[in-house]
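Here is the structure we will look at.
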Amino acid sequence: MNKYHQNIIAIFFIVIISLFLFAYWLEINFGYGQMFLILAGGYGIYLNFKAIKKEQKPT
């Protein structure tokens, strides 16, 4: 497994665990903070996919 796939998996689990903690441990309703977390995680995953595509592209 290359470093980009590991980053994608790590980002996914960090976002899921953070949302779980916000919802059940801190009892915070879904709001702008959670939405920002999802968007930031999605953007990080997008950048990893972009890096994979750029690395595979022959120059």
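The values are calculated or read from the model by the stated rules, or taken from the named source; none is laboratory data. Keep in mind the model is a prediction, meaning the values are calculated, not measured. When the accessible area is computed, the model is the full protein with side chains, heavy atoms only, and any ligands, DNA or RNA have been set aside. Shrake-Rupley method; radii C 1.70, N 1.55, O 1.52, S 1.80 Å.
Between GLN56 and ASN7, the contour length at 0.36 nm per residue exceeds the alpha carbon distance by 15.9 nm. Phi angles of region 28-43 translate, via the Karplus equation with coefficients 6.51, -1.76, 1.60 and θ = phi - 60°, into HN-Hα couplings of 9, 5, 4, x, 5, x, 5, 5, 4, 4, 5, 5, 5, x, x, 5 Hz per residue; Gly and Pro are given as x.
What the phi angles of region 12-25 give under the Karplus curve with 6.51, -1.76 and 1.60, with θ = phi - 60°, is a coupling list of 4, 5, 4, 5, 4, 5, 5, 5, 4, 5, 4, 6, 9, 8 Hz, glycine and proline written as x. Annotation: per residue accessible area for the chain equals 88 Å², rounded to a whole number [probe 1.4 Å, protein chains only]. Rounded to the nearest 500, the 222 nm mean residue ellipticity of the chain from helices alone is -25500 deg cm²/dmol, with -39,500 (n - 2.57) taken per DSSP H run of at least 4 residues. For the chain, carbon and sulfur atoms together expose 69% of the accessible surface, with a 1.4 angstrom probe and every protein chain in place.
Output the direction-averaged projected area (hull surface divided by four) of the convex hull of the alpha-carbon atoms of region 16-59, in nm². Provide the component values of the computation, followed by the final result.
Numbers: hull surface 13.2 nm².
The number I arrive at for region 16-59 is 3.3 nm².
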